[in-house]
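Let me begin by presenting the structure, written as structure tokens, before commenting on it.
The values are calculated or read from the model by the stated rules, or taken from the named source; none is laboratory data. Keep in mind that what you see is a predicted model, and the values were worked out from it rather than measured. Every residue, glycine as well, gets a Cβ built from its backbone with ideal geometry; the counts of neighbours run over all protein chains shown.
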Amino acid sequence: MSAKQIVEHVVLVRVKPDTEHSKVKDMVNNLSGLASLPQVLHLTTGPVLRTESPSLAFTHLLHARYNSASDLDEYNAHPLHLSAARTFLLPIIDDIMVVDWVSDDFHGSVEVSPGSIIRAKFLKLKENSGQKEKNEAVNAIKRLKGKFSSIDQLTVGENISQARTKGFSIASIGVFGGLDAVKELEAQSEALNDQKAGVNDFVDDVLVVDYAVPAKSLFNA
């Protein structure tokens with residue numbers, strides 16, 4: 001199967017701890033409904049399994065895919081998207097991060113199967129890092145797909161978002177068949193550390209978020 005281009009879109013939010021369950025349900029259901037917009041190839045949203053970060057603690061993730069950056073722009077400006085964000089999302093959160101990137105060598109289905117685990121990883125490079133360091137970080141992550149068979153799908157690229165990025169400039173998504181596949185990857189810690197060698201010198205911060213793709217909205221029942 002030949003490679004193609006897609007645009008990845010990830011939104012991470014932290015819901016206020018005292019938020020009523022019904023309002024969280026409304027947020028998830030209304031954001032999930034945005035999958036019907038014509039620009040969207042794939043969209044999933046819900047609570048995260050785990051956030052690994054020294055300073056950030058997100059509770060929910062939205063992941064969507066588009067054919068192009070212009071499709072993403074149209075989605076962002078769509079009245080239904082704006083209404084869902086203003087009415088159901090923004091009033092109940094106290095933190096948000098948005099990261100977008102282009103994958104020029106995407107293979108496979110744009111739909112992520114229910115039950116899959118998405119591992120979203122974001123790198124914040126040191127202030128003196130230039131394009132050379134960015135390219136090295138991107139290439140180091142790309143090599144993971146060939147080294148670890150438990151990764152079903154992998155995209156990586158430079159962040160193209162203009163706001164709410166918190167300084168993270170490199171983003172990636174790894175798709176796994178389930179939790180067992182994630183554990184298989186983590187069991188190869190020595191090989192993972194070898195892949196990171198040389199990149200850590202210019203990485204200032206790392207954020208990792210794991211998310212399980214539901215069969216349907218977790219709150220429809």
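Name the single residue that is surrounded by the fewest Cβ atoms within 10 Å (Cβ to Cβ) among those in segment 139-169 being in contact (Cβ under 8 Å) with a residue 60 or more places away in the chain and assigned to a strand (DSSP E or B). Even if it seems obvious, please write down each step before you answer.
Going through segment 139-169, the residues in contact (Cβ under 8 Å) with a residue 60 or more places away in the chain turn out to be 155, 157, 159-161, 163-166, 168.
After this cut, where a residue has to be assigned to a strand (DSSP E or B) as well, the list is 155, 157.
Working: Thr155: 24, Gly157: 22.
Going through the qualifying residues, I end up with Gly157.
Out of (1) buried (at least 20 other Cβ atoms within 10 Å of the Cβ); (2) within 30 Å of Asp204 (Cβ to Cβ), what's the single condition that is false for Val28?
If we test Val28 against (1) buried (at least 20 other Cβ atoms within 10 Å of the Cβ); (2) within 30 Å of Asp204 (Cβ to Cβ), just (2) comes out false.
In segment 93-138, what residues are assigned to a helix (DSSP H, G or I) and more than 18 Å from the chain's Cα centre (by Cα)?
Gln131, Lys132, Glu133, Lys134, Asn135, Glu136
Exactly one of these conditions fails for Thr59: (1) at pLDDT below 95; (2) in contact with a Pro (Cβ under 8 Å, 6 or more places away or on another chain). Give me its number.
For Thr59, the failing item is (1).
Can you tell me which of (1) in contact with a strand residue (DSSP E or B) (Cβ under 9 Å, 6 or more places away or on another chain); (2) at pLDDT 95 or above; (3) within 30 Å of Lys4 (Cβ to Cβ) is the one Pro38 doesn't meet?
Unmet condition: (1).
Filter segment 107-133 down to the residues that are buried (at least 18 other Cβ atoms within 10 Å of the Cβ) and out of contact with any Phe, Trp or Tyr (no Cβ under 9 Å at 6 or more places or on another chain) and list them by number.
Result: Val112, Lys121.
Conditions (1) crowded, with 20+ Cβ neighbours inside 10 Å; (2) among the aromatic types (Phe, Trp, Tyr); (3) within 20 Å of Ala163 (Cβ to Cβ), marked per residue:
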{"site": "Glu8", "(1), (2), (3)": "yes, no, yes"}
{"site": "Leu12", "(1), (2), (3)": "yes, no, yes"}
{"site": "Thr19", "(1), (2), (3)": "no, no, no"}
{"site": "Ser22", "(1), (2), (3)": "no, no, no"}
{"site": "His42", "(1), (2), (3)": "no, no, no"}
{"site": "Glu52", "(1), (2), (3)": "no, no, no"}
{"site": "Asp73", "(1), (2), (3)": "no, no, yes"}
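What are the residues in segment 15-47 that are in contact with a Lys or Arg (Cβ under 9 Å, 6 or more places away or on another chain) and of a type in the set (S, T, N, Q), if any?
Going residue by residue through segment 15-47, those that are in contact with a Lys or Arg (Cβ under 9 Å, 6 or more places away or on another chain) are 15, 32, 40-43.
Within segment 15-47, just Ser32 meets the criteria.
For segment 77-84, indicate whether the set of residues that are more than 29 Å from Asp26 (Cβ to Cβ) and modelled with pLDDT of 95 or more is non-empty.
No, every residue in segment 77-84 fails to be more than 29 Å from Asp26 (Cβ to Cβ) and modelled with pLDDT of 95 or more.
For Leu90, are the conditions met, namely being surrounded by fewer than 18 Cβ atoms within 10 Å (Cβ to Cβ) and over 16 Å from the mean Cα position of the chain (by Cα)?
Numbers: surrounded by fewer than 18 Cβ atoms within 10 Å (Cβ to Cβ): yes; over 16 Å from the mean Cα position of the chain (by Cα): yes.
When the stated conditions are applied, Leu90 passes them.
In segment 1-55, how many residues are within 19 Å of Ile93 (Cα to Cα), in contact with an Asp or Glu (Cβ under 7 Å, 6 or more places away or on another chain) and outside any strand (DSSP E or B)?
Count: 3.
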